[in-house]
Amino acid sequence: MTLPEPVETMASPLRMEYTFVAGTGRSVFLRGLARRQLLARRCPGCRMVYAPAPAFCSGCLLPTGPPFALSGRGEVATFCVVNFPFPGQVHQPPYVVAHIRLDGADTRLQHLVREIAPELVRIGLPVEPVWVDDAELDTSTTSIRWFRPIREPIGPADA
Amino acid sequence: MREVAVVSFAQSPCVPADREHDMAEILLPVLRRALDSCGLTRDEIGFVASGSHDFYEGRTFSSIESLDAVGAWPPIRQSHVEMDAAWAFAEAWTWLQTSKIKTSVVYAVGRSSLVSDLDQVLPAQLDPYLLAPLRPHRHALAGLQAAAMVDAGLTSERQMAEVVSRCLATAAANPNALRGGVRTGKENDAPFVASPLRAHDVAPPGDAAAVIVLAAGDAARRPTGRPAWVRGLDHRMETHYPGARDLTRSISVGLAAARAAEQAGFGAADVDVAELHTEYSHQEPLLVAALGLEKTVINPSGGPLAGHPATATGLIRIGEAARQIMDGTAERALAHATNGPALQHNLICLMAGEPR
Amino acid sequence: MSEPLAVIGIGQSVQAKRREVTIGALVREAVDAALADAELGFADIDAVVLSKTPDLFDGVMNPELYLADAMGAVGLPVTRVFTGGSVGGHAAIFGAHLVAAGLARRVLVVAYSKESEGNFTWALSRGLPFSSHLGAGAGGHFAPVIREYIRRARAPEHIGWKVAVNHRRNAARNPYAHLRDADLTVEQVRDSRMLWDPIRYLESCPSSDGSCAIVVSGAAAARRAPRPPAWIHGMAFRTETGHAAGRDEVNPLAGRECAADAYRQAGITDPAREIDVAELYVPYSWYEPMWLENTGLAAEHDGWRLVDADRTAFGGDLPVNPSGGVLAGNPTGATGLLRFAEAALQVRGLAGEHQVPGARRAAGHAMGGASQFHAFWVVGSEVPG
């Protein structure tokens, strides 16, 4: 018996729409972003400062304390350079995606670092947020366009 | 093997849509209540198991978010099934029987409300080449099953309406039910959603978290209350293809119930109360027949027809059945959980006030 | 563990872009091979555990329903486990628990992914208010962590290249591996395209279709097995929350505790000496030294020195990923179980051309999420005790 040519592809597109619920904890942080504020909260148990803060500490399970604004400054805890194009990409590579340790926080925030050549970014680089214009402010991390160096770095990247 | 018992069950009220809380925020208060009521702290919990499904959340790895409520720091022993959490319960029960671990938390954060249209989602459960492309709507296969039941004289629209009325009447006393109360009697004038199913025959989707605490051996014998000993548990799968099954009966329920009865030393027909995972009214007579539950109290909580937080619904059946034993109402109870189109996959859990 | 447990059958499919088979047929390849290895039929299997990564990857929800027939699971208990990339390890351990609890004599643990049938970009692009616009992908998540390791351990950059060469060359000995290259050189890796600096193209795992299955049994069935069993000496899983302030993703506590628990059960006090071969979950080359340290096979900051001294290469005293590992093939749902299965193949003496001579104890390791989920087992050629 001769079998037919195998079918190797068939299109079966799925379209599914969902509501995203940010939660009471994250909503505090997201509302702050819409006002150009990076809001943090402290766990009364372990004293760790979260930014963004959940409604309760995921270690101690205690409700985090009242929100307070951080300066927004911080330093690059670590980073990578995205070097290649892929579908759906918003930014032109190469660009730096960094884990930023905000001054006064014990968590890290992932964001872009720009206004510096990628090869000059290093761990420990002091950075500050660049906010979008008023009209673009939103309850989203996109309210921060990117982070930029506070002052010129010294020396080349070390890692 | 050690004897294992349910020592606590807690649930949040099933609401149509919780737009305020994330997974962890829904879970945390329920988890606290479950632990408080059996006098355990989270540090004493040896294993955490949960069940949920990304397709209800709309994002990958969604279950990770709920871990924030568990206190997975320092690290914990934890597992997760991408199914109804009744199967996480089975996993925890399995391990507790043989390990040094004494206690386990099993939880579900059921969120049916995030999906805008379940018709878009549920066909994805079907064979991706031959069935899913047909995109049957969410009730289509249940409708085929109900129609087959009616054709075979195994149920009627009237009996189905009575099932709904009875469930909703008892649900009026369940503070966690999404709907309940006396019916108008005109429900059978409503249009069909999938003939012979009408809107009232379908479990209303909602959001709720549920937590069960399991304990093994002496850890279950606490002064805080009467445990519900898990005497037998089994689950069985059927062929996927609805056309290859006799939809009017359930082979897998029979298999699972027989195996659970062997373990338990008593069978489904011997229980005082049964909580059945009936997402459609016609499935009650089907399950009652498969299990031989002629004289049993069925779904005193109101059952899924009073509220269906997907992936928590099965676990809640176990919790509600255990509650009947823990509060002394019942000596023996049965819980049933299901997944898949037209009851493809079924779990049976037999519990009693006394260990083996 | 009271009664000794063992792996008595192992099967896997070729890892590649497998357009010529359905998901069901892909899974069946591994299932048939595992049963053939154990000389068993479907009637000998009492329960099935299915391991799979997110259903959004290929668009099949609750795939245990559709796969019931292909897995021979009709009429059996089926459980679908999902914890992230570590899921294959979790599934194997749950399979062992089912046997230990007397609920099954033999459990078939099945794992697969068919990445070519879905769209990862779609599955992983969440239109959410957090980091949705960063567009960094999986490598973008792990690359900063690698950079932090390199800095802490003061590791030279050629270590990552060397790992990539070792694994891809090892894969040339494994007929099931997706990417096999016996002639790959450090220079080729070094000169390959930088994707997520510091990760280069040839230091990254591929996206593969593939399946794996194992049969777990108790001692009685293992002693009757036609081929040598792999005895389970220790097994553990651990999870830590990704959001706790102060957690260390470079050397996560959950991974350390997980391996330590398994060693304790196995009576191992000096892992580097007592483990003959390790199959570690290394999706990017630098994770070999990182996991060597995390799983106690090397001292902190010393993992890269083992690589540098060729000790983890195929002829070394602690070969890592003789199968080629994740760098040579990554069907994500099966990747964890493949590590566990490859460790078992080694102590059974059935690893073929990538057999490490005289391997008596082997470690299988799986990791998932943002290094939050860890699973680990130690298997041996001798009955434990």
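Just so you know, all these numbers are worked out from the coordinates, no wet-lab data involved. No experiment lies behind these values; they were computed from the predicted model shown. Cβ atoms come from the backbone with ideal geometry, glycine included; neighbour counts cover every protein chain shown.
Please report the relative contact order for the stretch A:42-116, taking Cα pairs under 8 Å with a sequence separation of at least 6, and give it as a percent rounded to a whole number.
Relative contact order for the stretch A:42-116 comes out at 29 percent.
On average over all directions, what projected area in square nanometres does the stretch A:23-153 have, based on the convex hull of its Cα atoms?
8.6 nm²
For peptide A:6-15, how many partner chain Cβ atoms fall within 10 Å of a residue's Cβ, on average?
Average neighbour count from other chains, rounded to a whole number: 5.
Quote the FRET efficiency, to the nearest 0.05, computed for C:Val186 versus A:Leu120 with a Förster distance R0 of 22 Å and r equal to the Cβ-Cβ distance.
It comes to 0.20.
When the expected Rg is taken as 2.2 N^0.38 Å, what fraction or multiple of it is the alpha-carbon Rg of the stretch B:22-115?
This ratio for the stretch B:22-115 stands at 1.05.
Taking a quarter of the surface of the convex hull around the Cα atoms of the stretch B:170-262, what do you get in nm²?
Reported value for the Cα convex hull: 10.2 nm².
Under the rule of -39500 (n - 2.57) per DSSP H run of 4 or more residues, summed and divided by the residues of chain B, what mean residue ellipticity at 222 nm is obtained, to the nearest 500 deg cm²/dmol?
Counting only the DSSP helices, I get -8500 deg cm²/dmol.
Can you tell me the 0 to 90 degree angle between the C-alpha axis of helix A:23-33 and the longest principal axis of chain A, rounded to 10?
Here the helix axis deviates by roughly 70 degrees.
Can you bin the stretch C:16-78 into rounded, prolate or oblate? Criterion: square roots of the alpha carbon gyration tensor eigenvalues sorted a ≥ b ≥ c, rounded for a/c under 1.5, prolate for a/b above b/c, oblate for the rest.
In terms of gyration-tensor shape, oblate.
What Kirkwood Rh does the protein assembly as shown have if only Cα atoms enter the pairwise 1/r average? Answer in Å.
27.9 Å
Could you work out the mean projected area of the convex hull around the alpha carbons of the stretch B:1-68, in square nanometres to one decimal?
The directionally averaged projection comes out at 6.1 nm².
What relative contact order, as a whole-number percentage, does chain B give when Cα pairs under 8 Å and 6 or more residues apart are counted?
26 percent
Taking each residue of A:35-48 in turn, how many C-beta atoms of other protein chains fall within 10 Å of its C-beta, and what is the average?
So the per-residue partner count for this stretch is 1.
Give, in whole angstrom and from largest to smallest, the semi-axes √(5λ) of the equivalent ellipsoid of chain C, with λ running over the eigenvalues of the Cα gyration tensor.
Its equivalent ellipsoid spans semi-axes of 30, 24, 20 Å.
According to a simple spin-label model (label point 7 Å from Cα along Cα-to-Cβ), what is the distance in nm between A:Arg47 and B:Asp36?
Placing both labels 7 Å along Cα→Cβ, they lie 2.9 nm apart.
Filter chain B for me: DSSP H helices, axial length by Cα at least 20 angstrom, mean Kyte-Doolittle hydropathy not below 1.6. List them by residue number.
Correct list, ordered by number: empty.
When the label point is put 7 Å from the Cα of A:Thr24 along its Cα-to-beta-carbon vector, which residues of the stretch B:12-35 have a backbone N closer than 13 Å?
Output list for this probe position: B:19-30.
Which stretch or stretches of the stretch B:134-154 have amide N atoms under 14 Å from the point lying 7 Å from A:Met10's Cα along the Cα→Cβ direction?
Under 14 Å, as judged by backbone N against the label point of A:Met10, lie B:134-136 of the stretch B:134-154.
With r defined as the distance between the Cβ atoms of C:Ser2 and B:Glu44 and R0 fixed at 25 Å, what FRET efficiency is calculated, to the nearest 0.05?
Taking R0 as 25 Å, the efficiency between C:Ser2 and B:Glu44 is 0.60.
Take every residue in peptide A:98-105, count the Cβ atoms of other chains within 10 Å of its Cβ, and give the average of those counts.
Whole-number average of other-chain Cβ neighbours for A:98-105 is 1.
Any chance you could run the full-extension gain for B:Ala17 through B:Arg183? It's 0.36 nm times the residue separation minus the Cα-Cα distance, nm to one decimal.
57.5 nm
How high is the FRET efficiency from B:Ala199 to B:Arg135, r the C-beta distance, R0 22 Å, rounded to 0.05?
After rounding, the FRET efficiency stands at 0.60.
Which whole-number percent is the relative contact order of chain A (Cα, under 8 Å, 6+ apart)?
20 percent
What Rg and what Dmax come out for the stretch C:133-227 when only alpha-carbon atoms are used, in angstroms?
18.4, 57
Amide H of A:Val127: which non-local residues (sequence gap of 5 or more, or other chain) have their own amide H closer than 5 Å, using H built in the peptide plane?
Result for A:Val127 returns A:Gly74, A:Glu75, A:Val76, A:Ile150.
Using the count of nearby Cβ atoms within 10 Å as a rough guide to exposure, how do A:Met16, A:Met10, A:Met1 rank from fewest to most?
Ordered from fewest to most neighbouring Cβ atoms within 10 Å, A:Met16, A:Met10, A:Met1 come out as A:Met1, A:Met10, A:Met16.
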